[in-house]
Each structure stands twice: as structure tokens, then as C-alpha cells.
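The values are calculated or read from the model by the stated rules, or taken from the named source; none is laboratory data. Just so it is clear, the structure is predicted and the values come from calculations on it, not from any experiment. When we count neighbours, we look across all protein chains shown, and the Cβ atoms used for this are built from the backbone with ideal geometry, even at glycine.
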Amino acid sequence: MRILQLDVDEIEYEPIKPELAKHEPAEKKPIRINDALVMLVSIEKGDGIEEAAKAIDDAYMYMEKMKRKNLVIYPFAHLSSNLASPDDAMSIINKMRENAKEKGIEYHSSAFGWNKRLSMKIKGHPLAEQSKTYGSTKSVEGMQGKPRQMKKEIDTSIVRKSDISGLPDTDHRVIGEKLDLFSFQEVSPGSVYWHNNGLIIYMELLKFIRELLEEKRYKEVSMPALSNIALWSVSGHLDHFSQNMFLVDVEGERLGMKPMNCPSTILIYKSRKWSYKELPFRAACFDRLYRNEISGALTGLFRVREFVQDDAHIFLKEDQIEAELESVIELISRVYDTFGLKYIMNLSTMPENHLGDEKVWQRATDIVKKTLEKKGIRYEIKEGEGAFYGPKIDVDAFDSMGRKWQCGTVQVDFQLPIRFNLEYTGEDGKQHTPIIIHRALLGTLERFIGVMVEHYQGKFPTWLSPVQVEVIPLSEQHIGFAIEASKKIRSSGIRVELDESDRTLEYKIRDAQMRKIPYMIIVGKKEEESGKLAVRNRSGEQKFGVDIDAFIGNVTAEIKERKQTF
């Protein structure tokens, strides 16, 4: 049994038409439930009443912990390719309903066997989305021959990419394939294959963030991907994320691939003694992280198993929190303004399941509120949706289509420093416990790039564009001048390509426009004789007699300033 458990502000679904011959009766009308725990459930071959009971027991415990009253049991076949028969699946779903009723849970259950229209607003706290697996998934019918078949396909260069057929043209996966940015391969589910064009965008984002961090005197660190699970036990993450971790046994030692950077960064802090004069210590990290998401939850760049965050952990004294929060908020403003993204901030407060004393929580929350108000930022309060170790600010960005995306986050943590016995020597010569601010500006880079692809619809500003200038000679006799122009432009640090093909001018221009290249330089007899350029942008605007040095200067300035362009 595979379950994607979602803590939602609201869910609305409407039965449209029966999808299976074996289906339950249902009214064709919208059903809306607020403040609920939603269980998207795939029943697999071999599942029985034990799996049903365990799933409901876990849901009940979560609802008690998070003070949720409503449970939605939602049959959702897309989480597994090893589905039970409709008769068996319906029987297990009914057993789950009975178990929920026996526990006194107020539950709702969507009709089995229907195609439904579905929308949800998921809460923003760390436990709001959890994938769960019940029962054994090791012996899946029909899998015995798959490795050999996959090997054969790789050996014969017929590796299957993930299917994107049926997706709209505005989807980042479709745009990504057209622009040769990335791909997803069946041999590495939930992981991104970055092509050169996509990797350029990836590295430009890292360069941008690193420049900002250099200004603010952050120090970049890196840690191992594998750690003994004792580390995650001390931090408290093992209790909350174990089902989403990749765990392995090596010579009797239980190791885990890190799903977040904070515990490992804390070990770097603990490796030496600190004075109050050395704080804040700002540690930035761009290591790869790993989370074992179930296959049905994987969605292009938006949800992957391997990813990088523009992560940082700031170790500081309590009287430095306000100033540091102001600095982080200023960074957030600079980042989102650069991409032309409007945004709002939410303040998430103490959850029911939290670490530490409530008075400490209140003190931390008051500091965050004061800082937001001092900066003149309007914010919404999300009661009970903070991290288990402290209150947090979540940044919701709006793209060019008006859609909202949760990206950056800032969290004030009084608790993990206590659990790890962190110290610094104060001005009084005594040992004191520091505070940690966890923060990410973009959030997950993979997800942010997916948002950017759809936000710009592939028309990236010049500084992010994989190819910034395309030089197009009118005919073969002008290639020499085109090569010289390309060399001069490239020597200025501009990413330039030369189209030396024998295709028609119209085809070359159309191809460059399809690839969303910001600038095209057309080189013919007139340009070669005058030494000037004919410049066309991707919107079709043209200028003639452009001095090459002036063109290079303008484009270089546009890139350096990271301007938003058409």
C-alpha cells in the first residue's frame, strides 16, 4: 500500500465519470472539506487488513498530534504500477473506512472507480506532505526480468525518457525538452539529467546567490552525504523523516543519505570553540540532498528525490536575531525583484508537536513579528504551522501567470542548539547557547528552475539564457567575418554560437527564435564592408549599423545588471 499523506487547508473534488466498470455510486457534485488530513491511497497486490489498520492507526496519531478533525480517504491509483484488482482494492478501502469509524474519526471518502476533478491547498509546515509505504514491495510481479531488459536497452542505446505526452505546452517539462535543458530517465526515477543548456541556468543561479552571500560574509561549507542515523536521532529529524530517507546498512552500521543540511552543519560548528566576537557565523551550503519520495508523487522538477537547496545556517546570539532577520529579508527582496516575482510572506507559529518551552517559542515569534513590522512587510499568520524547532517565515512567490509558489523560508531555531549542546564564550567569560537561523532564498534549485521555466515560458532574461547571442551569416562567403565577430563577442564573456549551416536565412532566424535566444546578429555583404552589425532580438525588433563594441558593451551591462528583458 502506498500513501501520499497531505495536511491541507482545503480539498475539493468532484466525480466526473466512472473510470472502472467496478465503481461505487456517486453524485456528480463538488465536495469540499476544510482543514483535513488527506490520504491519497494506492492499494497494491498482496495488501490486506493489516496494512489498512496500520495506515489508519498512523493517520489517527497524526490527527491527534496536529489537532485535525477531518480525514479524507481518497483512492488514487497513480502512486503505484503494482495495483491490486478493483475488487480487492475496494475491499481494502472499505476496511480503512471501517477502521476509521471504529476509532471515532470523522472521515470522508471519495467514491472508488471514478475519474474526478481535484484541487487542494496544502499547508506549509514541514510535515504537511509525507509519503508512506505499508507491506512488502520487494517482490513485485513482473520485475524479475526488468533489470536485464533495461540493460539490453542501455546497451542498444534505447534508453527510455519519461513520457511527457499529453502535457500542455506551458509545462516546464515540455519547454525543457524543446530547449534541451534537462531530461528524466527511467533508470534514475526522480533525478534530473541536466543537459548543457540547463546546467548553464543552474550554474548562473548558483553564481548569483554566491555573489549575494559574499557581500554578506557567508562562508561556504560542504558535508558528506552519508551519516550514521544517530545524527538524525539527536536532531529529531529521524522521528519525522525516516520514511522519506534512504537508509542503508554498511558493515553493521545504519547510515542515511542526508535529507537536509542542518545537523551536519551543526557538527562543523561543534568542531571548534567560538567567541561572541566571531558571531554571527553564516554557513552556506549547496550540497545534494536526498529524499525517498514515492514514484507517484514525482512531478518533473517540482518534486524530485535528489536536489540542491541554496541553504544556510546562521549561528548567532539572541540579541543579533533581529538585525540578521532584517538582512535575510533584504536578500529575499533582492532575489525576487531580480526575477520579477511578486511575493508575500507568511509567519508560521508553534505547532502542537514542538520541541522546547512555550515561553521560548513566544519570545522567538515576537522577534520575528517585530522584524517584519519594522521592515513594513504585511504578512499572514499561519497558526501551528511552524517547524518543530521554531517559528518560520515562508515566502510565496507569484509567477507571470498569477500562480503562487512556496519558495524561500526563514526559520528561527532555539531548540537544535540545545539538543546538540552548542556553546560560545560570552563577553562575561561564561558559556552560552547560540541561536540558529535556517534559511533558503530560492528554496530547492530544481524546483525554482521549474518555476522559472514556466514563469518566463523559456524566454529567459539574457543573463540566464544558455545561448545569449547567435551569429548568422547570410551565406558561406560571409562565414569568415561571422567567425571573427563571434570570437570578439565570446572574448567578452558572452555566450555566443555561430550557425554555419547551409540552411536558409529564414530557417536560421526561426530556429533561433524557437530556441528563445535573446539576440541574433545577421552578417552579410553590407555588414562585412562596413564592419557594423545587423542586430535582431527575439521579439523581432531589428537595428542596422550597430557598432560591435557598443553591442558588446550593452549586452555585457545587461548581463552584469541581470536585467529583466522582454
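Here are some notes:
- Single residue of segment 82-119 satisfying the filter (surrounded by fewer than 17 Cβ atoms within 10 Å (Cβ to Cβ) and either of a type in the set (Asp, Glu) or touching a Phe, Trp or Tyr at 6+ places or on another chain (Cβ under 6 Å) (or both)) that is modelled with the lowest pLDDT: 118
- Residues located in segment 510-547, provided they are surrounded by 18 or more Cβ atoms within 10 Å (Cβ to Cβ), closer than 14 Å to residue 469 by Cα, touching a residue at least 24 places away in the same chain (Cβ under 8 Å) and not hydroxyl-bearing (Ser, Thr, Tyr): 512, 515, 516, 517, 518, 520, 521, 522, 523, 533, 536, 538
- Considering segment 379-413, the residues that are of a type in the set (Lys, Arg) and modelled with pLDDT under 85 include one that is farthest from the chain's Cα centre (by Cα), namely 382.
- Within segment 34-72, considering residues that are charged (D, E, K, R) and assigned to a strand (DSSP E or B), the one surrounded by the fewest Cβ atoms within 10 Å (Cβ to Cβ): 35
- Restricting 464, 416, 474 to those that are in contact (Cβ under 8 Å) with a residue 40 or more places away in the chain and assigned by TED's automatic domain parsing to the domain that holds residue 182 reduces the list to 416.
- Looking across 427, 423, 446, one residue alone is farther than 16 Å from residue 273 by Cα and among the charged types (D, E, K, R). It is 446.
- Residues that are in contact with a Ser or Thr (Cβ under 9 Å, 6 or more places away or on another chain), among the acidic types (Asp, Glu) and surrounded by fewer than 18 Cβ atoms within 10 Å (Cβ to Cβ), drawn from segment 365-407: 383
- Among the residues of segment 199-208, not a single one is free of Cβ contacts under 8 Å to residues at least 40 places away in the same chain and closer than 26 Å to residue 133 by Cβ.
- Selection within segment 265-318 - charged (D, E, K, R) and either within 13 Å of the chain's Cα centre (by Cα) or over 24 Å from residue 422 (Cα atoms) (or both): 288, 291, 293, 303, 305, 306, 310, 311
- Every condition in (1) in a helix (DSSP H, G or I); (2) within 19 Å of residue 216 (Cβ to Cβ) holds for residue 283 except the one numbered (1).
- Filtering 220, 211, 215 for residues that are touching a residue at least 60 places away in the same chain (Cβ under 8 Å), in the same structural domain as residue 332 (by TED's automatic domain parsing) and either within 29 Å of residue 333 (Cα to Cα) or of a type in the set (Val, Ile, Thr) (or both) leaves a single hit, 220.
- Hits in segment 204-259 (condition: under 30 Å from residue 561 (Cα atoms), among the aromatic types (Phe, Trp, Tyr) and assigned to a helix (DSSP H, G or I)): 208
- Any hit, segment 255-268, residues being touching a helix residue (DSSP H, G or I) at 6+ places or on another chain (Cβ under 8 Å) and hydroxyl-bearing (Ser, Thr, Tyr): yes
- Hey, residue 488 buried (at least 18 other Cβ atoms within 10 Å of the Cβ) and either without any contact (Cβ under 8 Å) to a residue 60 or more places away in the chain or out of contact with any His (no Cβ under 8 Å at 6 or more places or on another chain) (or both) or not: no
- Scanning segment 120-127 for residues that are at pLDDT below 75 and in contact with a Gly (Cβ under 7 Å, 6 or more places away or on another chain) turns up at least one hit.
- Here 479, 435, 418 are screened, and the one residue that is crowded, with 19+ Cβ neighbours inside 10 Å and not polar (S, T, N, Q) is 435.
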